[in-house]
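Please treat every number below as a calculation from the coordinates, not as lab data. Remember, predicted model here, so these are calculated numbers, not experimental data. Glycine gets a Cβ as well: all are built from the backbone with ideal geometry, and neighbour counts include every protein chain shown.
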Amino acid sequence: MTTSNHHCCNKLLMLLNDPASPLEYDRVKRLYSIVSVPQAFRKKNELSIAYEITHCPFCGTRFPKELSDEWYAIVEKEFGITSALDENIQKLPQEFLSDEWWKKRKI
C-alpha cells in the first residue's frame with residue numbers, strides 16, 4: 001500500500017491505496033506487482049506470490065526500473081548481508097526500509 005502521489009495516474013493510485021486490490025507497490029525496491037492474495041485478505045505472516053508488472057494497467061505508462069538487484073548489492077557491500085533471511089537485515093539503517101536509499105543515491 002502507498003500514500004504517495006508520484007504514480008502515473010489516479011486509477012493506479014486509487015488501487016495501490018486499497019488493501020483489497022491485487023496491485024501493490026514496494027517503495028523500497030520500486031517494484032509494482034500483482035499479488036495472489038491482496039493485503040486485506042492475508043492472514044498474519046501469510047505469504048503471497050507477486051508477479052512484477054512493468055506498465056500501468058490503466059494508462060500504459062512504463063514504470064521506472066525496479067531496484068531489487070541494486071538494493072541487495074548495496075546492502076551486501078555496505079553491511080555484509082547476503083540474504084533476505086539474514087537476521088542482521090533487521091539492523092539496517094532506516095533509509096533501507098523506505099525509498100530514501102534510492103532517492104538519496106538518485107537511482
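Couple of notes before you dig in:
- Reachable lysines from LYS11, criterion Cα separation under 21 angstrom, eight or more residues apart if same chain: LYS65
- Computed about its Cα centre, the charge dipole of the chain is approximately 320 debye, with only Lys, Arg, Asp and Glu carrying charge at their Cβ.
- Restriction of the GluC sites (Glu not before Pro) in region 38-107 to DSSP coil positions whose beta-carbon has at most 16 other beta-carbons within 10 angstrom yields GLU46.
- Top of PHE63, PHE79, PHE96 by mean-square fluctuation, Gaussian network on the chain, Cα under 10 Å: PHE79
- In a DSSP loop and with at most 16 other Cβ atoms within 10 Å, the trypsin sites (Lys or Arg not before Pro) in region 46-91 are LYS65.
- Between ILE34 and ALA73, full extension at 0.36 nm per residue minus the direct alpha carbon distance yields a gain of 11.6 nm.
- Remark: relative contact order (region 1-59) = 30 percent; criterion is Cα-Cα distance under 8 angstrom and separation of 6 or more residues.
- Choice from SER36, SER83, SER21 showing the highest fluctuation, given a GNM over the chain with Cα pairs closer than 10 Å: SER83
- P(r) tail for the chain: Cα pairs beyond 25 Å make up 26% of the total.
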